[in-house]
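Each remark here refers to the structure printed beneath this line.
The values are calculated or read from the model by the stated rules, or taken from the named source; none is laboratory data. The structure presented is a predicted model; accordingly, all values stated were derived computationally and were not measured. Neighbour counts are summed over all protein chains in view; Cβ atoms, including those assigned to glycine, are modelled from backbone coordinates with ideal geometry. Protein only, heavy atoms only, side chains kept; ligands, DNA and RNA dropped before computing areas. Shrake-Rupley method; radii C 1.70, N 1.55, O 1.52, S 1.80 Å.
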Amino acid sequence: RSRELVIPGTSASSIIALAKESDDAAFVETVMSKAIKRDSPIRSVAIKRYCDRKCPQDIARMIERETGADVQASRKRVIWCEEILEEEMFYAIKREMEKEFLQMAA
């Protein structure tokens, strides 16, 4: 217990938590690769939002510069992409988890 207080993050439970988090991230990445095509604008927005940590307003400004659309229209597209991404990922993850449960049951 004292080691955990002095050097946090070295306990077995934290190592297991990090491994589980890594497994979860790999699972989500695999599902996203299957569900959303590589050239999809939804994937592009998702990468900018969650990997590059860009806020929706920054992404809208990028879209404005690249396409010439106004900021409001670009912002609506970003919101639209995020909504579709959430819905698609929810159902894709649900399908993959059901497949895994069926495989474990067999």
Quiz item: Using beta carbons and a limit of 7 Å, which pairs, at least six apart or on different chains, have the first residue in the stretch 71-99 and under 18 Å from P41 (Cβ atoms) and the second one among the acidic types (D, E)?
Solution: V71/E64; S74/E64
Exercise. Take S33 and decide whether it is farther than 20 Å from K99 by Cα, in a helix (DSSP H, G or I), of a type in the set (S, T, N, Q) and open to solvent by 40 Å² or more (accessible area, probe 1.4 Å).
Key: no
Practice problem: Would you please name the residue that is nearest to A25 (Cα to Cα), looking only at residues in the stretch 39-78 that are open to solvent by less than 60 Å² (accessible area, probe 1.4 Å) and polar (S, T, N, Q)? | Solution: S44
